[in-house]
Each structure stands twice: as structure tokens, then as C-alpha cells.
Amino acid sequence: MSATAQQPAYTLGAETALNMGCCPPGQLASGVGRLPAGPLSIPNADPSSYVRRKADGTFELFLIVENMTCPACVPDIENTLSKLAGITQARVNLTLGRLHVTWRDADFPAELIASTLSRSGYRAIAYDAAMLDRLEDHRDRRLLRALAVAGFASANIMLLSVSIWSGNVTDMGTATRDFFHWISALIALPAIAYAGQPFFMSAWEALRGGRVNMDVPISLGVLLATLASVMESIRSGTHAYFDAAVMLLFFLLIGRYLEQNMRGRTRSVAANLLALKAVAATVLEPTGERRSCPAEQLRPGMTVFVAPGDRIPADGIVTQGSSDIDASLVTGESLPVAATINTPVYAGTLPLTGALEISVTSTDQDTLLGQIVELMNTSASAKSSHALLADRAARYYAPAVHILAAGTFLGWLLLGSGGWHPALMSAVAVLIITCPCALGLAIPAVQAVAMGALLRSGVLLKSGDGLERLANVDAVVFDKTGTLTLGRPELIAGTGYTDADLMLAARLAQSTRHPLAAALTRAVPALPHAVPVHETAGYGVSAVIDGQVVKLGSRLWCEVPDTTAADSDTSELWLRKHGYAPVRFSFRDQPRADAPLVIAALKKLGMRVEVLSGDRIAAVTPLARMLALDAMTAEARPDTKLTHLQALHDQGQKVLMVGDGLNDAPALAAAYVSMSPSSAADISQTAADIVFRGENLWPVIQTIRIARASKQRMIENIALAIIYNIFAVPMAMAGWVTPLIAAVAMSGSSIIVVVNALRLGWGKQEAAP
Amino acid sequence: MTVLIYLLPVALFLGLLGLAAFLWCLKHHQYEDLQGAAYRALTDDEPDGN
């Protein structure tokens, strides 16, 4: 059974949107839950190390399934797997892009799952579920339970409260009112004890650490209101604030849940991205046997086998084979270098033309990668100095609320004639009315709306405050290779070759994975038949066509006379037919199609735009000139990039760093805020605050716009909260706020700020040009 | 007004029933893949193996 979309697996009109953007392998667009097709094939890691035995004796495995994006995929995958003998259950989670399989037989080969799926066109990678998401999932559900309890309690108490309020102005007897109060207490007390825990715990933690956070006034308000209401009920008073206390919890839990949910969703998408890139190593045992193992289990002295197109899992020395190595993600250098026996190679680089056997010399911390990680960790301090808008507001808000409440209590006690009772009730009213809904509900709502809009356009926000920092940015620093450019060479058309030459070269080029050869084949619209070639790594390929030897490769390979001047600005590939003069093809790493537009738009937003590259000056200069950048730096090593960013930081610039390479990772971590395309090295994606998908740079502009708009909304919401408090607090201090007024004011202000937050999503999205 | 003595517990009981149903759904992972569930409803063949 094939996995293609043509199969009429659903009964609705097949021409509906359902089968659009379906899942034939490789056809991937940007969108929620869709993962970018990496430029490389990644080996199917042996999943058996991730199989877990459950308590009931069955076995389970979690997998991330790439290119599972359409409705037909769900039954397709589940049915295909269920047909395998031994599988008891196969369940797809489409939202997260993950698959859960269980079986009973201990001998069931787990690789069969991945291989069956790959025959159907899905790529599945096993992952360690325990590590990935047990914790966040648990917290998410706890909040949702608390939210449900608070929602139930506030609805029912409000029902009783409305009766009491109308009873107070008509003819309700004291006995009935007390009865209603007690029923409210019966609902409210357990509900508050359960649903208030997230706030009480966080407040307690803060107080124990000698700090005050937003949860302190919330907890104090809720607890005091409950206590005062119970006392009111005992002395059969007119007013009880049970409804206000529970409603406050309900609103704030909504905000907390939005925040949590948003973070959980991004984290799971980010985790999928990284798990798909996780490198599995093929270890060659001394006995000659091959075995697959996770890269982190490699030890020095082991020999690993790396097929062309697979990432090298650890630093080592080549012991067998030779190949051209693409190190662009590590160094930013766009041209491949040759490696043969005894050449040292680095983790994360990519052999292009031949298989290698590598003796591992160092792992983890000792690798080049480890050193870059080290540099990155020490440089992340610049970020911690930024205080979030909500935190900054909370820092003034919490003490102000406490002082006002305490002042009200003391004022009524000293100046009033009613004793402690009206004093306490007024102080409680102040605490309730100053409910920080704008901070607790509106800011998460703004973030959730902004993040939803960004996710839909393929931008993944990894840190909640990334958006807020992005709104303040006044300078943008781009990496060159892979960021401003596509990171792959493209043929420069019409430079001294004929169409016949190009066709001939393309016949040879199809059989090799060298990036220049790939660029050559891309430039030919209708590909001719391939010929079998003989490949010499680091030099080129040769083939015999019509009894004539034809060579395609380096200048040396094609025996080009030295008199032909080399051009340091471009890469070259030569074609030589026996008996003819060599023909030259020139290549250059081309900028992304919308790069000039994006630079212009950034300048219009008042930004200073720079390029900071590890590549040669000759490669960077023409690009910087073409895009009219404000400044350029070339041949920068990872630590030079870092010092450059720190220098900008010291000048008071708030820098957005956009980069993709391993060598950019420290700079990404050090920048005020950072973005990285999803084709980037996984370490860079980890370091970046924001990851964007697709071939275009336009998401950078879009994200900055959304960031600025959402910051605007947050400020408006805080302003609204202040205005509301200016009116409400004096009333509460004066003792005029009854439970009815408190309830109306509280829900009114919450609705206003949430609607203001939602406004962010209403505006028309400006499409990329 | 004595009818309230019966009505209130009945109303509360019904509310609690709803809450219990929600918590039950939550416990049985009903809210974890809203997107997939929406599409499952459209397919003819029941995924077997459950």
C-alpha cells in the first residue's frame, strides 16, 4: 500500500482543501508542524536503544515522523504499521508530528517500523520520550485541571452571588443569604485550595528567597478575601467575596495556561527539529561488524564509518577512503576541502564524494563543537541584563499594591469609627480590585496571539522574551554563507562555455555529489542521460564517451595550463574533452532572492545593517557592495565574531544577529537577540531565539513588525491597567466597592485587555513580495 | 423557597458531573491531538489495532 495522497482515503469531496499540501516525501512547505527537508539524508538510527519496556510487559517506541502533514497520513501510517505482525497499537499525534508504537513480542525488530515507514515515504526517527517531554506535559495538564476546577467553581459561585445581589435589593431573608454564602464557601474553599496552588507555591518560593513577585499580591488577595468572606458568613454579613477570589484565580490561570501552552508547543517543534538532526554513528567493530549507536556514546579509539552525505559524528582522523568535505556549517567557508588518509576531520562536517572510515580522537567537550559550545555558554550573559516588560512592571506593581492595602487598613483603623472590620474589608477590596489581570492575562495573551501568527508563517519563537527584545533592536548583523546567501554555489550563466559544453558537463556531473557539480546540474533545465563516471576525490570525475576520455573537475585534474588566470572571486570547474581546450564554468554563492528587498526594508525601519562573515574578503566585498550594507567584516573566526558583537553592545547598540553556521553559535548567544534559518546547524538553532523556515529572508522583516506591534499592545495593556486602577483604587480605599462592583470591574478590565491583545491578530498579514 | 434545598444540590451535582467528565477526558489524553482528531473523523476505515 503506497502512502501517496492520490489514494481516496477520505469521503469528503476530494477537491477540498483536505488534500492540498499533502505529503509526498520531499514536498514540504512552511507551516505549523512541517519540518524542513534537510539538505542531506540522515541515517536511520537504530531505534532499538530507545525501546522501552512498559509495566505490563509490552514494549513501546516513540518516533518523530517527518513530512506527516495531511489528514490522509494518519490512517495511512496507522494501518500500515498495524498490519505488521506483532504490533498491538500504532497511534499518530498529528499536532506534535509524533508516533507511538507498542508491541508485545520481545523479539520484534524495531528497525522494521522505520523501514516500513520509509518504504511508504515517511521518514521516522526514534527519540527518547522520557527525556523530551514528560515534565512539560505533566505541568501542562496540571494547569488545565486547576483551570477546570476554578472555572466550575467561579461559574457556580457566580450563580449564587447573582441571587444574593438581587436578593439584597429585594426581599431575600437573612437565612437564605447565609445559606447561599455557606454553599459558596463550600464550593470556594476546596476549589481555592486546589486551583490556587500554582500561585501559592510560586509566592512561597519567592518569599523564602527574600523576593516579591506578582504571585505574592495575588496569593495574599485571594487568601485574605477568602478569610474575610468566611468571617462575614459566620457573622451573617451582607457581603462575601468568594466569587471575586475564585474568578481572580480563573482569569489568571487562563493567562498562565496560555503562556505554558505556547512554550510547550514551541519546545516540541524545536525538539522535533533537533531530534531529526541528531546524528547516529555507524561503529565498525574490530570484528568487522557494523552497529549503529547514538553519537554521544562514541569513545576515542572507536572507528566509525561515514557514508557520503552523512554528517561526521565526532572529531577524528581519516583511516580509510578519501572525500571532499563540506565544512560550510562549521567554518562559513563555502568551498569544500579534500580529505584523505591521516587528515583530521571535525564533527558536523559533511563528506560529499566518498565514504570514510574515521578513528575517533575526541568526543563531547574536547571536540571543536564542544569548544564552540563552551564559548557560547560563557557569552550568553549579555542577555540576562534585559528585564521583561511584565517583570519590570511587576517590580513596581507588587509593592505599590501592598502599600495601598496596608495604608487603607491603617487609615480605616485610625480614622474610621467602625473598628477593624470595615478596615479589613476595605483593604481586601483594594487587593482584589488591583488584580493584575493586565500583567497576568493580557501579556501572555499578546504573546500567544503573536506566536500563533508567527508559527503560521513558519517562524518559531524559542524564547518568550525573544519577541520583546526584537522590538527594541536598532542594528542587524548578518552572517553571509547560508544566511544572506543560499549557502550553495550557483552557476554564473554565459561565461565562456557553449550549450553543448554544459550538456556534456551535466552528463558527468549527475553522478557526483560535489556541490559545484550539483549546481551545474541545477542550471540545466532538461537533463541529458547520465554516464558512468570514475571519481577521484579532491580532483574530479572522468568518463569515456564515444571512446573519448572526458574529464570534469579541478584545474589540476583537467591539466589547465597555468597561464590561465585564476579568479579568486568565484569557484571554478573545468571540462576537458580529449584533444580540445579546457572549458571553464564559474560559480558563485548567490544571495537569497529577496535579500536586497529585506536589506532595504530594514534600512527603512531605521536599522544599521552589517555583514559578519567567516568567508574570504574577496567573497564578501561584492555582496556587501551589491546590498549596500553599512559595514562589513570578513574572515572572522567564532571568537572574532563574538568580540565584534560585544563591541557593538558596548557602543549601546541592540543587535539582532542572523546566522546559521556553527561558527555563528557564540555570536548568536551573545547578541541581544538572534535568529537563524531552519537549515542552520543544530547548535545554532539552539542558540538562536527565533528560527525561521523557507528559502526567503522576508520572515526577518515580518517578525520584527509583529514584535513591534506586540510590544505596542503590551504597553497599551499596561496603560489600560493603570487607568483602570486610577479610578478603581480610590473607590476601594473609600470602602465603596461591594462584591458586585468588584466582579464587574474585574471581568470588564480583563475583557478589555484580552480584546486589545487579540487585535494583534486581526490586522491583515502583509504577504511577502 | 424551601425547594432551593433540593434544587441547589441538584444544580451543583450536574455541574460536578461536567467537571468530572472534563477531568476524565484530560486524563485519557483526549486533548493532546486536536488536529489529528478532527481529521480522523473524516476517514472511513477505522484504524485497527485499538
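Is it the case that B:A41 is at pLDDT 85 or above and either surrounded by 12 or more Cβ atoms within 10 Å (Cβ to Cβ) or more than 7 Å from every other protein chain (Cβ to nearest Cβ) (or both)?
Considered against the rule, which asks whether it is at pLDDT 85 or above and either surrounded by 12 or more Cβ atoms within 10 Å (Cβ to Cβ) or more than 7 Å from every other protein chain (Cβ to nearest Cβ) (or both), B:A41 comes out as no.
Checking A:V283 against (1) closer than 24 Å to A:T536 by Cβ; (2) modelled with pLDDT of 80 or more; (3) β-branched (V, I, T), which test does it fail?
(1)
If A:F62 satisfies every condition in (1) away from chain B (no Cβ under 12 Å); (2) at pLDDT 80 or above; (3) over 29 Å from the mean Cα position of the chain (by Cα) but one, which is the exception?
(3)
Here is a yes/no grid of residues against (1) at pLDDT 90 or above; (2) in contact with a helix residue (DSSP H, G or I) (Cβ under 8 Å, 6 or more places away or on another chain):
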| site | (1), (2) |
| --- | --- |
| A:S163 | no, yes |
| A:S166 | no, no |
| A:D171 | no, no |
| A:A175 | no, no |
| A:A185 | yes, yes |
| A:A203 | no, yes |
| A:M214 | no, yes |
| A:P217 | no, yes |
| A:L220 | no, yes |
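If A:L504 passes every condition in (1) closer than 28 Å to A:G661 by Cα; (2) crowded, with 17+ Cβ neighbours inside 10 Å but one, which one does it miss?
Only one criterion in (1) closer than 28 Å to A:G661 by Cα; (2) crowded, with 17+ Cβ neighbours inside 10 Å is unmet by A:L504, namely (1).
Does A:W698 count as of a type outside the set (D, E) and in the same structural domain as A:E635 (by TED's automatic domain parsing)?
yes
Which count do you get for residues in region A:155-164 that are within 11 Å of chain B (Cβ to nearest Cβ) and crowded, with 20+ Cβ neighbours inside 10 Å?
Taking region A:155-164 as the starting set, the residues that turn out to be within 11 Å of chain B (Cβ to nearest Cβ) are A:155-157, A:159-160, A:163.
Adding the requirement that they be crowded, with 20+ Cβ neighbours inside 10 Å leaves A:156-157, A:160.
Residues in region A:155-164 being within 11 Å of chain B (Cβ to nearest Cβ) and crowded, with 20+ Cβ neighbours inside 10 Å: 3 in total.
Give the residues of region A:300-326 that are of a type in the set (G, A, S) and either buried (at least 24 other Cβ atoms within 10 Å of the Cβ) or assigned to a strand (DSSP E or B) (or both), sorted by residue number.
A:A314, A:G316, A:S323
What number of residues within region A:467-512 satisfy the criterion of being within 22 Å of A:P351 (Cα to Cα) and in a loop (DSSP other than H, G, I, E, B)?
3
Go through region A:405-449 and count every residue that is among the hydrophobic types (A, V, I, L, M, F, W, C) and not in a helix (DSSP H, G or I).
1
Counting only residues that are part of a helix (DSSP H, G or I), touching a residue at least 60 places away in the same chain (Cβ under 8 Å) and closer than 16 Å to A:R555 by Cα, how many does region A:516-538 have?
Result for region A:516-538: 1.
The values are calculated or read from the model by the stated rules, or taken from the named source; none is laboratory data. No experiment lies behind these values; they were computed from the predicted model shown. Heads up, the Cβs are rebuilt from the backbone with ideal geometry, glycines too, and the neighbour counts pull from every protein chain shown.
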